[in-house]
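The values are calculated or read from the model by the stated rules, or taken from the named source; none is laboratory data. As the structure is a prediction and not an experimental result, all values here were calculated from the model. As a convention, Cβ positions derive from the backbone with ideal geometry for all residues, glycine included, and neighbour counts pool all protein chains shown.
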Amino acid sequence: MNTEKNFRKILRGDVYWADLRPLSHVVKHMEGGVRPVVVISNSYNNKYCDLLNVIPMTSKKDRLPQHQSVTVMHKKDTRKSYLLPENTCVIHKNQLSNFICHLDSRSISNMNRAIMIQFEL
């Protein structure tokens, strides 16, 4: 995983691969393993704090309204992924590995909608 000195500036809406194994051993229904996550904490927080709020993503669609779709662009490959906001968690920056992409404006809107539905905002 990453070390403190080689982080790029982490922005809200960035998608990274993250190691969620430490969390899945503690919380029974938590998505685990190394999987893509989107950063939802604000960019100012991300600059000064070692902890990030993230939402894990999956490629599997289901009928829950909070599982909004986002477009993830990795190199020349574009994929539709689904947010799992019920698994929103706090991770340390060291749990991040490779940067994947920054979400486009439509996907950011879907991310905000997923958060609003999940937390009844």
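Any idea how many residues of the stretch 19-42 are surrounded by 12 or more Cβ atoms within 10 Å (Cβ to Cβ), within 19 Å of Ile100 (Cβ to Cβ), of a type in the set (Gly, Ala, Ser) and modelled with pLDDT under 95?
So the count comes out to 1.
Looking for something assigned to a helix (DSSP H, G or I), modelled with pLDDT under 95 and loosely packed, with under 15 Cβ neighbours inside 10 Å - is there at least one such residue anywhere in the stretch 54-66?
No; the residues of the stretch 54-66 include none that is assigned to a helix (DSSP H, G or I), modelled with pLDDT under 95 and loosely packed, with under 15 Cβ neighbours inside 10 Å.
Out of all the residues in the stretch 49-69, which are touching a residue at least 12 places away in the same chain (Cβ under 8 Å) and basic (Lys, Arg)?
Lys60, Lys61
Looking for something of a type in the set (Gly, Ala, Ser) and in a strand (DSSP E or B) - is there at least one such residue anywhere in the stretch 107-115?
No, that holds for no residue.
Can you name the residue in the stretch 72-120 that is more than 19 Å from Leu52 (Cα to Cα) and exposed (fewer than 13 other Cβ atoms within 10 Å of the Cβ) and, of all such residues, is modelled with the lowest pLDDT?
The selected residue is Lys75.
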